[in-house]
Amino acid sequence: MIQTPYYLIDADRLRQNMAVVDRLRQASGAKALLALKCFATWPAFEHMRDHMDGTTSSSLYELRLGREKFGKETHAYSVAWPDHEIDEAVGYADKIIFNSVGQLQRFRDRTGGIARGLRLNPGLSTSGFDLADPARPFSRLGEWSAEKIEAVLPDISGVMIHYNCENADVDLFDRQLSEIEGRFGAILDRLDWVSLGGGIHFTGEGYPVDRLAARLKAFAAAHGVQVYLEPGEAAITRSATLEVTVLDLLDNGKQLAIVDSSVEAHMLDLLIYRQSAKVEPDAGDHSYMVCGKSCLAGDIFGEFRFAQPLQVGDRLSIADAAGYTMVKKNWFNGVKMPSIVIREPDGSLRVAREFGYGDYASSLG
């Protein structure tokens, strides 16, 4: 057995998501770029590359990873490009997207060899968390003013509009896109391409993919643009687990199970948004609070039910552990970083990467 903890990526589950991506691309004409800010575990790219059009990035390192490990089309976005990175970014990118008019004007003369875009903030979003809401008051993410954008249209060929967050409601998507068209239609009509970002949960169970495809196709036709989507979670949802082992059991008013992993180190997004992890089937007569092994008091995966009492040495699978997990893993407390394992279509397990003390030490000096 492979030593825990490790992230287990299921290639078959991944390919099920890719089949939906293919269906949406073919029916809508939209192109799909993997959002590396969500998932950048490149040993899995071989199962995704034939089904997506490229990658989109939020930094120079993500951009370079997309170019070198995924290939195909690369979109380069950053909230702010520093002067010393811009030339290297242009060397990796097919399109560079600026967050502000100021950045566009500053680097206009150094980016003329590739397509340029601007982030358009429509002033609305589907996020339920202020922390992640791009339309929050005083947001720094993109330009809000149609007049400012119109003034620089000669310098750009497209815009990126990222405003969805785990949006599984196609009617809400339709209404908000119509509102964007109403406010910014004169701009959209003068562009070659529009990225509608990520956050559309079109691989969710029961999602009306054909309705989304029809809406995207109509949008593209109305404005004469190539539509891009930037799926992150939608590309990898339910494709990975975090495999852990029970190290100790306590009863401090509740039954507690300590595992050889850490929420803060290995599933940080759950801690940031104060969400519980998922264990399936989460059913049975025996309830346990599953806890991480770091010294953080709140290092808790959640409370779950099991068919049998847990024992030291039992292995547990924490579900949905791909998106915003591996890209945020860290060395807090020096807790062993999970290995990366891929379950291939034939059922075999391939250890793509293990981490040891040398990785920990080298990350600090």
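The values are calculated or read from the model by the stated rules, or taken from the named source; none is laboratory data. Quick caveat, the model's predicted, so the values are computed rather than measured. Note: areas computed on protein heavy atoms with side chains; ligands, DNA, RNA excluded. Shrake-Rupley method; radii C 1.70, N 1.55, O 1.52, S 1.80 Å.
Within the set LYS254/LYS278; LYS72/LYS328; LYS31/LYS72, which residue pairs have Cα atoms separated by over 23 Å?
Over 23 Å Cα-Cα: LYS72/LYS328.
Using Cα pairs closer than 8 Å and at least 6 residues apart in sequence, work out the relative contact order for the range 100-232, in percent.
Value for the range 100-232: 24 percent.
For the range 215-365, state the average projected area of the convex hull of the C-alpha atoms over all orientations, rounded to one decimal in nm².
Its Cα hull, projected and averaged over all orientations, spans 13.5 nm².
Going by amide H atoms built from the backbone, whose H comes under 5 Å of the H on PHE98, apart from near neighbours?
It is GLY117, LEU118, ARG119, by chain and number.
Quantify how much of the Cα-Cα distance distribution of the range 163-303 extends past 21 Å, in percent.
Cα-Cα pairs in the range 163-303 separated by more than 21 Å: 57 percent.
Using only the Cα atoms of the range 232-289, construct the convex hull and provide its projected area averaged over every direction, in square nanometres to one decimal.
5.2
As a test of the formula, what do you get for the chain when each DSSP H run with n ≥ 4 contributes -39,500 (n - 2.57) and the sum is divided by the residue count, at 222 nm and rounded to the nearest 500 deg cm²/dmol?
-7500 deg cm²/dmol
Taking Rh as the Kirkwood radius, which is the inverse of the mean 1/r over Cα pairs, what is the Rg/Rh value for the range 1-134?
Over the Cα atoms of the range 1-134, Rg/Rh equals 1.02.
Across the Cα atoms of the range 1-44, what radius of gyration and what greatest pairwise Cα-Cα distance (Dmax) are found, in Å?
Rg and Dmax of the range 1-44, Cα atoms, are 13.9, 44 Å.
Can you tell me the accessible area per residue over the range 184-242, all protein chains present, probe 1.4 angstrom, in square angstrom?
34
Would you mind estimating how fast the range 85-236 diffuses translationally, via Stokes-Einstein at 37 °C and 0.692 mPa s with the Kirkwood radius over Cα pairs, in µm²/s?
204
Of the accessible area of the chain, with the probe set at 1.4 angstrom, what percent is carbon plus sulfur?
Here it works out to 49 percent.
Computed from the coordinates I sent, Cα extents along the principal axes in Å equals one of (1) 57, 42, 33; (2) 65, 47, 44; (3) 63, 41, 32. Tell me the label.
Computed from the coordinates, Cα extents along the principal axes in Å corresponds to (2).
Determine the per residue accessible area of the range 267-365 with all protein chains present and a 1.4 angstrom probe, expressed in square angstrom.
Dividing the accessible area of the range 267-365 by its residue count gives 53 Å².
Apply the Karplus parameterisation 6.51 cos²θ - 1.76 cosθ + 1.60, with θ equal to phi minus 60°, to every residue of the range 277-291 and state each ³J(HN,Hα) to the nearest whole Hz, in sequence, with x for glycine and proline.
5, 10, 10, 10, x, 6, 8, x, 8, 10, 9, 9, 8, 8, 10
Mean Kyte-Doolittle hydropathy of 0.0 or higher plus an axial Cα length of 20 Å or more: which whole DSSP H helices in the chain meet both?
170-188, 209-223
Longer than 18 Å from Cα to Cα, which of LYS37/LYS148; LYS293/LYS336; LYS148/LYS217; LYS95/LYS148 are they? Say none if no pair is.
Where the Cα-Cα span goes over 18 Å, the pairs concerned are LYS37/LYS148; LYS148/LYS217; LYS95/LYS148.
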